[in-house]
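> Input: one structure, supplied below.
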Amino acid sequence: MQRIGLMAMGGSNWIAGVQNIQSLLYGNSLLPKEERASLRLYLDFGNHSISDYREVRMFSAGVHVTDFFPAPSLPLHRKLRRIASTIVRQRCWPALTRRDLPRLLHKHRTDVLFAGTHIERDIGIPQISWIPDFQHVHRPDFFSVEERQHRDQHFARVMAEADRVIVSNQCSYNDAVRLFPESQQKLALVPFSNYLGRDWRIADAQRILLKYELPKKFLLFPCQFWKHKNHATVLRAIQLLRERGIDDAVLVCTGFPHDYRFPNYAAELRKLRDTHGLATAVRMLGLIPRHDQVQLMRAAAAIVQSSLFEGRSAVLEECESLGKLVFASDIPMHREQLTERVHLFTPTSAEELADLLAQHWPGLIPGPDPELEAAAEAKYHIRIREFARQFIALCGGAVEQRSPASIMPRYR
C-alpha cells in the first residue's frame, strides 16, 4: 500500500482547497481495498483548522499539526499557543524553531508527498503539486503587477521542481503546455470531484431554510465574494426581473465576504443592492457551514454561476452531483463541464441572464428532488472514486520514476 502525505490547502478564504483534500480522503475510502493508499494529512499550525477535516478524519491514516514554514523566532504568545495546541492534539511537545515536516514524513515512512499548491525543499521523496489555474495570465486586471510576477515565479518553480503537476481542466493544461513546454511530461489532467458530506441526502433541507429565514423558492449563488465571480451582473439581472414584474425572484449569495485584491468589493455589492431597492430580493449570507451550503443547494430552485474565469468550477461539479439546474457564464472552462442541466449566458450580459431566468422561473420547482438526486448520487460516487484512483496512480508513477537511492529521506 502506498503511503502518501497530503499537505492541507485553503481555509475559509479558499474553501476549494479544503474540499479537494476532503474529496481525496473520501474517494480513497470508496476504492477496493487492494487499490487504496494510506493517506496521512498534515496541517499547518498557523493556516489550517482541524475542524475542517473532522468528518473525513476517519478516512485518513492520521492527522498531524506542524509548521510548514516556521520562523526561527516566534512571539511568546504564539509559542505558548502552539505548545498547548500540539500537546492536546498530538500528545507530544512541538519543535518550535526547526522545520518539522521532513521529520514527520520520515517517521511515517512516506513514499510521496502531495504538496498542494506548494513545492517543498529537501524532503527527499517525490512531490506532486497542483496548479489550480492561470487566471493571472488571462485576466491580469484582477491582479497587481507584484502578484502576477510572484505567480509567474512560483508556477515556474513548481513546474521545474515537482515530480508531477496536476491541473484540473483542459484549459489549464493547454496554458501549462504553452507556458512551460519543457515540462509537459510532468503534467497530468486530473479533474476533481467534491465531497458533499455525510448523509447529505437524508438531511432536512427545510430546517436550513428556516435557520436563515429564506423563502421556499430562491436562486442560489454559492461563490466567494471575489470580483471575478461577477456578482454585479447577477444583481442587475435580478433588478431587471423586478422591473418586468417578476417580484418573487430571490437571490441568495453565500461565500467568504472578502477579496484581498479588492477589499471594498463586498461593500460595493451591498451598496449596489441597496441603491436599487433589492434588499429583500438579494440575501447575502456570507460564509456558512459546509453542511448548510449543501442543503441550500439541494433546496434551491436553481443555481447561478456567473464567474468571468474559473479553473474547474466546483459549483458546476457539485450541481452535477446534486442533479441541479445551473445558469452559468459562457466561458471556456464552463463549456468543459456542460451537461443537459447547464444553461449558458454571455458573462457580462445582465439582460441575457434576465431573459433566461424569466423564461425558466415560472416553471422552476424548489428542491430537493429525490429522483434527480438518486440518479446524480450514483454518478457522484463514481466520479469521486475515479478522482482518487487517478491521483493514487499518479503518485505511484512518480515513485517508480525515481531510483531507490534518490528517494531515501534526507532528514536526520
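> Select from the stretch 337-372 the residues that are under 25 Å from the mean Cα position of the chain (by Cα) and under 17 Å from residue 231 (Cα atoms) and write down the one among them that is most open to solvent (accessible area, probe 1.4 Å).
The qualifying residue most open to solvent (accessible area, probe 1.4 Å) is 348.
> Looking only at the stretch 7-40, count how many residues are in a loop (DSSP other than H, G, I, E, B) and either open to solvent by 40 Å² or more (accessible area, probe 1.4 Å) or more than 18 Å from residue 120 (Cβ to Cβ) (or both).
Result for the stretch 7-40: 6.
> Related question: For the stretch 279-336, enumerate the residues that are of a type in the set (Val, Ile, Thr) and over 16 Å from residue 213 (Cα atoms).
294, 303, 304, 315, 326, 331
> Select, from 273, 283, the only residue that is among the basic types (Lys, Arg), open to solvent by 60 Å² or more (accessible area, probe 1.4 Å) and outside any loop (DSSP other than H, G, I, E, B).
The match here is 283.
> Can you find a residue that is closer than 17 Å to residue 168 by Cα and hydroxyl-bearing (Ser, Thr, Tyr) anywhere in the stretch 128-149?
yes
> Additional query: Can you pull out every residue in the stretch 338-374 that is assigned to a loop (DSSP other than H, G, I, E, B) and without any contact (Cβ under 8 Å) to a residue 40 or more places away in the chain?
Once the filter is applied, which keeps residues that are assigned to a loop (DSSP other than H, G, I, E, B) and without any contact (Cβ under 8 Å) to a residue 40 or more places away in the chain, the stretch 338-374 yields 338, 339, 340, 341, 346.
> Return only the number of the condition from (1) assigned to a loop (DSSP other than H, G, I, E, B); (2) out of contact with any Lys or Arg (no Cβ under 7 Å at 6 or more places or on another chain); (3) in contact (Cβ under 8 Å) with a residue 60 or more places away in the chain that residue 308 does not satisfy.
So the condition that residue 308 fails would be (2).
> Now for a separate question. Sort out which residues of the stretch 215-242 are in a loop (DSSP other than H, G, I, E, B), open to solvent by 10 Å² or more (accessible area, probe 1.4 Å) and touching a Gly at 6+ places or on another chain (Cβ under 7 Å), and write them in order of number.
Result: 224, single match.
> Mind checking whether some residue in the stretch 196-205 is among the aliphatic types (A, V, I, L, M) and closer than 26 Å to residue 118 by Cα?
Scanning the stretch 196-205 turns up at least one residue that is among the aliphatic types (A, V, I, L, M) and closer than 26 Å to residue 118 by Cα.
> On the given criteria, is residue 43 over 19 Å from residue 384 (Cβ atoms), at pLDDT 85 or above, open to solvent by less than 50 Å² (accessible area, probe 1.4 Å) and assigned to a strand (DSSP E or B)?
So residue 43 fits the description; yes.
> Considering 71, 84, 61, which residue is surrounded by fewer than 20 Cβ atoms within 10 Å (Cβ to Cβ), modelled with pLDDT of 90 or more and of a type in the set (A, V, I, L, M, F, W, C)?
61
> Ok, one more. Inspect all residues belonging to the stretch 243-264 and state whether any of them is buried (at least 16 other Cβ atoms within 10 Å of the Cβ), part of a helix (DSSP H, G or I) and out of contact with any strand residue (DSSP E or B) (no Cβ under 9 Å at 6 or more places or on another chain).
Taking every residue of the stretch 243-264 in turn, none turns out to be buried (at least 16 other Cβ atoms within 10 Å of the Cβ), part of a helix (DSSP H, G or I) and out of contact with any strand residue (DSSP E or B) (no Cβ under 9 Å at 6 or more places or on another chain).
> While we're on this one: From the list 282, 294, 252, exactly one residue is closer than 19 Å to residue 16 by Cβ, out of contact with any Pro (no Cβ under 8 Å at 6 or more places or on another chain) and in contact (Cβ under 8 Å) with a residue 12 or more places away in the chain. Which is it?
294
> Could you tell me which residue of the stretch 373-387 is farthest from the chain's Cα centre (by Cα), considering only residues that are among the hydrophobic types (A, V, I, L, M, F, W, C) and either within 11 Å of residue 31 (Cβ to Cβ) or surrounded by 13 or more Cβ atoms within 10 Å (Cβ to Cβ) (or both)?
In this case the residue turns out to be 376.
> Right, residue 323: at pLDDT below 95 and out of contact with any Gly (no Cβ under 7 Å at 6 or more places or on another chain) or not?
no
> Output the residue which, of all residues in the stretch 286-300 that are open to solvent by 10 Å² or more (accessible area, probe 1.4 Å) and in a loop (DSSP other than H, G, I, E, B), is nearest to residue 200 (Cα to Cα).
289
The values are calculated or read from the model by the stated rules, or taken from the named source; none is laboratory data. Model, not experiment: these values are computed from the prediction. Note that each Cβ is placed from the backbone with ideal geometry, even for glycine, and that neighbours are counted across all protein chains shown. Accessible surface areas use protein heavy atoms only, side chains included; no ligands, DNA or RNA. Shrake-Rupley method; radii C 1.70, N 1.55, O 1.52, S 1.80 Å.
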